[in-house]
Amino acid sequence: MSATASHGGVMMLPSPSRPLQHQRPPTVTGSDMFRVRRKEPRGLRLVVAATAKYKGTKMREEKLSEMIEEKVKEATEVCEADVRSEECKVAWDEVEEVSQARADLRIKLKFLNQDPLESFCQENPETDECRIYED
Amino acid sequence: MAVSTIYSTQALNSTHFLTSSPSSSSKQVFFYRRQTNRRFNTIITCAAQQTVVIGLAADSGCGKSTFMRRLTSVFGGAAEPPKGGNPDSNTLISDMTTVICLDDYHSLDRTGRKEKGVTALDPRANDFDLMYEQVKALKSGIAVEKPIYNHVTGLLDAPELIQPPKILVIEGLHPMFDERVRELLDFSIYLDISNEVKFAWKIQRDMAERGHSLESIKASIEARKPDFDAFIDPQKQYADAVIEVLPTQLIPDDNEGKVLRVRLIMKEGVKYFSPVYLFDEGSTISWIPCGRKLTCSYPGIKFNYQPDSYFDNEVSVVEMDGQFDRLDELIYVESHLSNLSTKFYGEVTQQMLKHADFPGSNNGTGLFQTIVGLKIRDLYEQLIANKANAPTEAAKA
C-alpha cells in the first residue's frame, strides 16, 4: 500500500540494487508501453541476466537440463510398451516436475534477480558452490 | 494482532486460581474466587493473532511466481525465500505474507511415487493429515516445522520453521481437495488454464530445453491429463474465484496462444468479498472500449460482464479478451470497472506496471490476478477490523 503510493504517481518499476538488462522472452509481454519506461538509465553496472551468479546455481541449472533430457528419453521408452500404463504416467509426470523446476530457476534468475544460493553464499563465501561463476 | 483486556484483581491469594482453556484459537483465562457462598468468575478473552489463509490451486507445482508476486506486492514488499535456509526451499516470505508450496506435503518422494506408480497429482502421494494440522496451527498463531520437498533432487529434505504470518497463502495442486483444509481457507482461487493455452505455454516454457520437442511436451500433457481431470480439476467448484484462461475469440483460427481470453468467475455471497462489475451490477454487458475516445491496435480489447451459474453456484463473470498496448488503455479500462477495492485511482494500473516484465502483464491474466490481489487485501482488512471490534467478554456470575 504505502510501498506503491511512494512512487508518487510515477509509474516505475522499483529498481533492484543490481540493475539488469535482459532479453524479453518471446511471450505476450512485449508492448510499447512497457518499453518506454525502461529507457531510464539504471546505473553503470550491467549484469547479463539468465546466467547464474554462483557456481552452485550454474551446476543446478545444468543438472536440471540434463535430467530433463534423461527423463524425456526414459518416458518415451517406457510409454512405447503401454501408453496408458502407470509407469508411463509417472514417467511423464517426472518430466513435468523437472521441466517446471528448471523454468522456476530460470524465472528466479532472469526476472527476479534472486539467486537461490544468495543468502547461503553470503554466510559461506569460501565454499566451492559459492565461487562466482565467470562466463 | 492480539486484542485483550486485562482486569486486574486486588490481590491474588490462595482463594484465587487460574485455568486456561485448551482452545488454541482463543485463549481464555478463568479467574475463580471463592468467597463464602459466592463465586466470582471473570473471563478474559484474548483473541490471538488470527492468520488469514488463502488457497491457490493450479497445475505445475509452485511455479505460479507471477501470481504470487503480484499478490504479495499488493501488500507491499517483495516475497523472498527464507534467508539462510535450504536453498531449495519452496517457501516465500514477505512482510505480511508467507507462501507455502503444498508439494512440501508430499508423503512420497520421487522414488516412492515411482515405486507405487502414482503421480504427484494423486492424493495418495500427499499427506493431507499433516497439511491440515499445520495449516490449522499456523492459522491459530502457532509456528510449525514444515517439511521441504526438494524439486531438484526429488527428496524430502529436513523441515524448516515457519512462523505464523498475517496472511498465509497455500499454493499447489490440492489446496481445496481435503474438506478439513477447505474449511480453514478464508478465500480460495483456482487458476483454470484451457488445454490449448496450456500447450502453448508449455511450449514457450520448454522448447528452449534440449531434451524437449513438440512431441514430448504434448505427450507429457496427455499422460498427466487423466489424473489431472480426476483429482485437480474438480476443486474448481469450491473456489471463491476462478481465473479461466482460454484462447482468444478475436482472431479467427488463432493457435499461437499469444492473445488470451480471460474470465474472472466470482462466487456471490462470499463473506467480505464483493465481486467486480462493469457498469451495472447483475446485468449483462458487452463492452468494446476501443473507439472514438480510445484507439487500440489489432486485435483490440473486448469486455463482457454477466451473472451466471457455475457448478450450482451463483457467480458473476467479468471477461477480457485481447491485449493492452498502452498505458492509457489500462487506465481507461480501470476507470470503468467497479468494486475493484483500490485505495486510489489508478492503483490497478500501477500494480500492473510494477510487474510489467511478467507474462500476462498486458492481458486479462495480469489484470485479474492484480484485481484478485486487491480483493484479498480488502478481505484481509475487513476480517481484521471485524476481529478488533469483537468485544472482549467479561462475565460475572
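Tabulated results
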quantity: Filter result for A:Leu105 (farther than 21 Å from B:Arg110 by Cα, open to solvent by less than 30 Å² (accessible area, probe 1.4 Å) and either in contact (Cβ under 8 Å) with a residue 24 or more places away in the chain or more than 7 Å from chain B (Cβ to nearest Cβ) (or both)); calculated: no
quantity: Among the candidates A:Ala75, A:Ala103, residue that is of a type in the set (Gly, Ala, Ser) and in contact with a Phe, Trp or Tyr (Cβ under 8 Å, 6 or more places away or on another chain); calculated: A:Ala75
quantity: Matching residues, the stretch B:151-165, being over 17 Å from B:Pro82 (Cα atoms) and surrounded by fewer than 16 Cβ atoms within 10 Å (Cβ to Cβ); calculated: B:Thr153, B:Leu155
quantity: Filter result for B:Lys198 (outside the structural domain of B:Asp109 (by the TED database), under 20 Å from A:Ile107 (Cβ atoms) and open to solvent by less than 30 Å² (accessible area, probe 1.4 Å)); calculated: yes
quantity: Any hit, the stretch B:353-372, residues being farther than 19 Å from B:Asp192 by Cβ, touching a Pro at 6+ places or on another chain (Cβ under 7 Å) and open to solvent by less than 20 Å² (accessible area, probe 1.4 Å); calculated: no
quantity: Every residue from the stretch B:201-242 that is among the β-branched types (Val, Ile, Thr) and open to solvent by less than 40 Å² (accessible area, probe 1.4 Å); calculated: B:Ile217, B:Ile221, B:Ile232, B:Val242
quantity: Matching residues, the stretch B:113-132, being acidic (Asp, Glu) and either touching an Asp or Glu at 6+ places or on another chain (Cβ under 7 Å) or more than 20 Å from B:Ile170 (Cβ to Cβ) (or both); calculated: B:Glu115, B:Asp122
quantity: Test for B:Phe279: is it away from chain A (no Cβ under 14 Å), hydrophobic (A, V, I, L, M, F, W, C), over 16 Å from B:Leu330 (Cα atoms) and open to solvent by 80 Å² or more (accessible area, probe 1.4 Å); calculated: yes
quantity: Residue in the stretch A:79-97 that is among the small types (Gly, Ala, Ser), more than 7 Å from chain B (Cβ to nearest Cβ) and either surrounded by fewer than 22 Cβ atoms within 10 Å (Cβ to Cβ) or on the phi > 0 side of the Ramachandran plot (or both) present; calculated: yes
quantity: Criterion (out of contact with any Leu (no Cβ under 7 Å at 6 or more places or on another chain), more than 26 Å from B:Lys375 (Cβ to Cβ) and at pLDDT 95 or above) met by exactly one of B:Ala219, B:Ala230; calculated: B:Ala230
quantity: Number of the condition not met by B:Thr365 [criteria: (1) more than 27 Å from B:Val53 (Cβ to Cβ); (2) facing chain A (nearest Cβ under 10 Å)]; calculated: (1)
quantity: Residues that are surrounded by fewer than 19 Cβ atoms within 10 Å (Cβ to Cβ) and either closer than 18 Å to B:Leu337 by Cβ or more than 14 Å from chain A (Cβ to nearest Cβ) (or both), drawn from the stretch B:249-267; calculated: B:Gln249, B:Pro252, B:Asp253, B:Asn255
quantity: Leading residue by the ranking (farthest from the other protein chains (Cβ to nearest Cβ)) among those in the stretch B:109-150 that are open to solvent by 30 Å² or more (accessible area, probe 1.4 Å) and in a loop (DSSP other than H, G, I, E, B); calculated: B:Ile142
quantity: Meets criteria (within 25 Å of B:Val372 (Cα to Cα) and assigned to a helix (DSSP H, G or I)) for B:Val197; calculated: yes
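The values are calculated or read from the model by the stated rules, or taken from the named source; none is laboratory data. Small disclaimer: the values here were computed from a predicted structure and weren't measured. FYI the Cβ positions are ideal-geometry reconstructions off the backbone, even for glycines, and counts take in every protein chain you see. To get the accessible areas, we keep the full protein, side chains included, count just its heavy atoms, and leave off ligands, DNA and RNA. Shrake-Rupley method; radii C 1.70, N 1.55, O 1.52, S 1.80 Å.
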